[in-house]
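None of the figures in this text is laboratory data; all of them are computed from the coordinates on show. Owing to the predicted nature of the structure, the values given are computational and were not obtained by experimental measurement.
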Amino acid sequence: MTRSEIQLLDKNFISLKRASNVSGYTNDYIGQLCRAKKISAKRVGRDWFVNIEELQNYKNKKTRSEEHTS
């Protein structure tokens, strides 16, 4: 059985696979964001989970930045 969502320290984390589906980013790119500490991530067993709010904020910030440079 796989988990797609967990809650740690009052923050919601979703699986890397679900984060990829929600954001449109690849698993590899989200992993890079996690390693660069641009979004929070936690490892539970073999699975990685990312903070959904931080991922959404990152994507919104990046989208706004791209709109201003176009």
For the chain, alpha-carbon Rg relative to the globular expectation (2.2 N^0.38 Å, N residues): 1.13
Karplus (6.51, -1.76, 1.60) ³J(HN,Hα), θ = phi - 60°, over segment 18-30, in Hz, Gly and Pro reported as x: 5, 4, 5, 5, 6, 8, x, 7, 6, 4, 4, 5, 4
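Please give the calculated 222 nm ellipticity per residue for the chain, where each DSSP H segment of at least 4 residues contributes -39500 (n - 2.57) and the sum is spread over every residue; nearest 500 deg cm²/dmol?
On the way: 3 runs with 35 residues, N = 70.
Calculated from helices alone, the mean residue ellipticity at 222 nm is -15500 deg cm²/dmol.
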Long-range amide H partners of TRP48 with built H, under 5 Å: LEU16
Per-residue HN-Hα couplings for segment 36-47 [Karplus 6.51, -1.76, 1.60; θ = phi - 60°; Hz; x = Gly/Pro]: 7, 6, 7, 9, 6, 8, 9, 9, 10, x, 9, 9
For the chain: relative contact order, % (alpha-carbon pairs under 8 angstrom, 6 or more apart): 29
